[in-house]
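Participant: Below is the structure I would like to discuss, written out as structure tokens.
Derivation of every value follows stated rules applied to the coordinates shown; laboratory data play no part. Source: prediction; values computed, not measured. All Cβ positions, even for glycine, are placed from backbone atoms using ideal geometry, and neighbour counts span all protein chains on display.
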Amino acid sequence: MRPLQGPRGRSAVVGTVTLCLAAGWALQTPGGVSLVVPQPNINATVAQNILLSVEYSCRGVATIEWKHVSSWGTTSIVEWRSGNYVNISTVYKDRVTTFENGSIQLRNVGMRDAGYYFVTVMEEHGTNAYGTIIVNVYEIIYEDLHFVAVLFTFLAAVSAVLICFMWLCNKSLHLFQKKTTHKLTASTTEEIELETIEC
């Protein structure tokens, strides 16, 4: 076999070596997108601010998209490309803050904000990563506190009436005992007087 000679043979060897080095680099470098959701469940109360936290990493430029799915339907919240534009839907315009790591903050949550939040991180080379966060929103029920206050007031009023009734009963019993004692004393005195007269 005859060895490759000339510029054409050398460029083929250089091209093959370059291709092998590039393939080796590609195999050593983790490819695609990785996404971590540190807190997959969030409990919040009405009017609270919540952070939907994620961390992503990728080699290229990533596009991040958040959607909300609940019993009221699916709503696109925000989509942005790292370092470029941010497209926030009109429903969430004044309530969402985006962060470079892919997280978003929702301000002043309401009952309609409960549900599933899906984040999609798309790399420009076509690799995607997905994450889900479940948000539960609870309402502070002041009606329960109102009921407790009304019940407490009612019980206090009933106990005050019962205390007054017991006081009146005690006074009446005392007066009745005084009259009975006075009548007994009067009748005993009359009997003694009758006995002394008879004697």
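Participant: Points 7 angstrom from Cα along the Cβ direction at S57 and K178: gap in nanometres?
Facilitator: 9.4 nm
Participant: Fully extended, how many nm does the chain gain between S71 and A47 (0.36 nm per residue separation, minus their Cα-Cα distance)? Please report the intermediate quantities before stating the final value.
Facilitator: Details: separation 24, 0.36 × 24 = 8.64 nm, distance 2.00 nm.
Net length gain for the segment: 6.6 nm.
Participant: Here is a further query. Test of the criteria: in region 102-176, which GluC sites (Glu not before Pro) are in a DSSP loop and have at most 15 other Cβ atoms within 10 angstrom of their Cβ? All intermediate terms of the calculation are to be shown ahead of the outcome.
Facilitator: Values: sites: E123, E124, E139, E143; in loops: E124, E139.
Here the GluC sites (Glu not before Pro) that fit, given the DSSP loop and packing criteria, are E124, E139.
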